[in-house]
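The structure appears below as structure tokens.
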Amino acid sequence: MVLFSRCPMCNIFWKGRNYKLAGMTKAKRPKVAVFKFASCDGCQLSILDAEDELLDIAGAIDIAFFPEATRRMLRGPYDIGIVEGSITTPHDVERIRDVRKSCATLITIGACATAGGIQALRNWKDIKNFVHIVYTSPEYISTLDRSMPVGSFVHVDYELRGCSINKYQLIETISGLLNNRRPNVPTHSVCITCKMNNNVCVMVAHGTPCLGPVTQTGCGAICPSYNRGCYGCYGPMESPNPSSLSERFNQLGETRHDIVLAFRSFNAYAEAFRRESDNYEK
């Protein structure tokens with residue numbers, strides 16, 4: 001009998017230990033590759049942090065390329081490609097296009113790969129100034145003027161948000177692909193998770209600015225659970241209304257600059273957050 005457990009972080013269900021995926025034999029196991037671009041490696045570490053759950057999935061796939069975890073590097077093509085990190089250099093552009101060609105299905109993981117990451121804050125400034133300040137020989141530096149998500153350059157099949165990602169969402173996505181079904185990854189707001197956790201709303205009760213109403217769930221509402229406002233680690237929820245939230249921030253006494261900073265963090269260049277911060281910077 002196969003048991004299912006509920007992920008306490010994002011309310012999705014995943015299969016318990018010692019299960020086998022139907023139709024998957026050793027000879028037919030899909031090849032999976034994990035690639036890194038501009039990032040901190042945190043999302044790749046989240047994969048390794050899955051531990052027991054990862055061992056279950058590993059029995060149904062062949063991890064062919066994962067420099068963070070193994071010395072064995074098998075050439076493509078690959079059935080599933082998992083990409084962490086944003087695109088920041090001309091070489092990155094060429095490489096991500098090669099990755100896309102070699103992968104039947106491409107999954108981007110984390111805020112860097114899905115929204116440009118914290119390094120996308122440079123997108124509002126002149127990158128040449130940074131290069132001249134940081135490097136003694138800036139003429140050797142080749143970089144794009146912006147840090148962009150993977151989806152700006154190639155087609156992406158699935159995006160997993162977060163800084164860092166929820167490991168259960170990744171397991172659910174891979175499990176869904178292996179079973180020819182759509183992965184069940186929630187896209188509702190952190191507010192729903194707060195209600196499920198019986199949290200008192202920090203914005204209503206304490207007047208604490210919180211991005212929860214416009215942020216996608218996945219973290220388990222960690223910050224509001226400790227009476228802190230949500231920082232938007234998982235980026236915009238499905239159909240967010242950031243302008244309404246900004247008005248509420250105004251009522252709480254937040255300045256225009258405060259609102260700009262609130263939306264410019266881990267997912268600053270996600271469209272909904274970028275547009276709202278631009279509106280308040282003008």
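Looking at region 10-46, which of its residues are at pLDDT 50 or above and assigned to a helix (DSSP H, G or I)?
The answer is Ala27, Lys28, Gly42, Cys43, Gln44, Leu45, Ser46.
For region 56-89, name all the residues that are acidic (Asp, Glu) and touching a residue at least 40 places away in the same chain (Cβ under 8 Å). Explain how you work it out, then say what you get.
Step one: of region 56-89, the residues acidic (Asp, Glu) are 56, 62, 68, 79, 84.
Within region 56-89, Asp56, Asp79, Glu84 qualify.
Results for (1) of a type in the set (Lys, Arg); (2) outside the structural domain of Tyr234 (by TED's automatic domain parsing); (3) more than 11 Å from the chain's Cα centre (by Cα), shown as yes or no for each residue.
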| residue | (1), (2), (3) |
| --- | --- |
| Leu74 | no, yes, yes |
| Tyr78 | no, yes, yes |
| Gly81 | no, yes, yes |
| Thr88 | no, yes, yes |
| Val93 | no, yes, yes |
| Lys101 | yes, yes, yes |
| Gly110 | no, yes, no |
| Ala113 | no, yes, no |
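Under the condition of being without any contact (Cβ under 8 Å) to a residue 24 or more places away in the chain and in a loop (DSSP other than H, G, I, E, B), which residue from region 176-199 is nearest to Tyr158 (Cα to Cα)? Lay out the reasoning, then the answer.
Kept after step one, since they are without any contact (Cβ under 8 Å) to a residue 24 or more places away in the chain, are these residues of region 176-199: 176, 180-182, 191, 195, 198.
Subset that is in a loop (DSSP other than H, G, I, E, B): 180-182, 198.
Numbers: Asn180: 14, Arg181: 13, Arg182: 10, Asn198: 31 Å.
Among residues in region 176-199 that are without any contact (Cβ under 8 Å) to a residue 24 or more places away in the chain and in a loop (DSSP other than H, G, I, E, B), the one nearest to Tyr158 (Cα to Cα) is Arg182.
Can you pull out the helices (runs of 4 or more DSSP H) entirely within region 47-161 that have at least 1 residues that are at pLDDT below 90 and touching a strand residue (DSSP E or B) at 6+ places or on another chain (Cβ under 8 Å)? Lay out the reasoning, then the answer.
Working: elements: 52-58, 90-102, 110-115, 127-134.
Filter on region 47-161 gives 52-58.
Considering only region 138-181, state which residues are over 14 Å from Thr114 (Cα atoms), aromatic (Phe, Trp, Tyr) and surrounded by fewer than 22 Cβ atoms within 10 Å (Cβ to Cβ).
If the condition is that a residue be over 14 Å from Thr114 (Cα atoms), aromatic (Phe, Trp, Tyr) and surrounded by fewer than 22 Cβ atoms within 10 Å (Cβ to Cβ), then Tyr140 is the only one that fits.
The values are calculated or read from the model by the stated rules, or taken from the named source; none is laboratory data. Just so it is clear, the structure is predicted and the values come from calculations on it, not from any experiment. Using ideal geometry, Cβ is built from the backbone for each residue, glycine included, and neighbour counts are taken over all protein chains shown.
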